[in-house]
Amino acid sequence: MNKIGLIGALLGFAAGMAAVIVVNPVTGLLIVAVSLAITIFCFWFFFGRELRRSRILKSGEQAEATILEVRSTGVTINEVYPQIELLLEVRSVGREPYRVKTRCLIDQVDIPTFQPGNTIAVTIDRKDRKKVAVAMSGVRS
């Protein structure tokens, strides 16, 4: 259902930009360029972290991590999903443990799970070991 809304929004945006270009080509192209730049920036700003997280979860290396510290970032989405910053000690097979900071959105009901000392499942980016994604289904205390 979300894809239908996104496709509709993109089609509406394209139709609007086409109309602007038809009415005044020079000004229209400038407006289109600025609008595209703003749209791309907003998409990257709001969805870039989640796209990177999805990529890491799909192609990364499975590991486990112990939560050393938890800090609220002050960001909450839809008044239900607080964003937290975690300091983790990551352990993967055949490698020395190391520390890394990461941020993730959690459901409020999962707050007790994300406490220092608990062990969680993470996925490590194969290109940059300092980038990890929390595997929400793999949380255990």
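Points worth noting:
- Counted residue by residue at 0.36 nm each, then reduced by the alpha carbon distance between them, the extension gain from residue 100 to residue 127 reaches 8.2 nm.
- Sparsely packed trypsin sites (Lys or Arg not before Pro) within the range 78-137, loop by DSSP, other Cβ within 10 Å at most 16: 95, 126, 127, 129, 130
- Solvent-free Debye scattering, log10 I(q)/I(0), computed from the Cα coordinates of the chain at q = 0.09, 0.16, 0.17, 0.19 Å⁻¹: -0.42, -0.87, -0.94, -1.08
- Two-site FRET efficiency, residue 76 against residue 46, from Cβ-Cβ distance with R₀ of 22 Å, rounded to 0.05: 0.90
- Stretch gain in nm, segment residue 136-residue 89, where the contour uses 0.36 nm per residue and the Cα spacing is subtracted: 15.2 nm
- Here the chain is treated with +1 on each Lys and Arg Cβ and -1 on each Asp and Glu Cβ, and its dipole about the Cα centre works out to around 460 debye.
- Selection among 33, 76, 23 by position relative to the dipole of the range 18-82 gives 23 as farthest towards the positive end (Cβ unit charges, Cα centre).
- Unit Cα scatterers, Debye sum, the range 61-140: log10 I(q)/I(0) for q = 0.21 Å⁻¹: -0.91
- Coordinate range along principal axes, alpha carbons of the range 1-49, Å, largest first: 36, 22, 6
The numbers here are math on the coordinates, done by the rules we state, and not lab data. On a predicted model such as this, the values are computed, not experimentally measured, just so you know. Note that we place each Cβ from the backbone using ideal geometry, even for glycine, and neighbour counts take in every protein chain shown.
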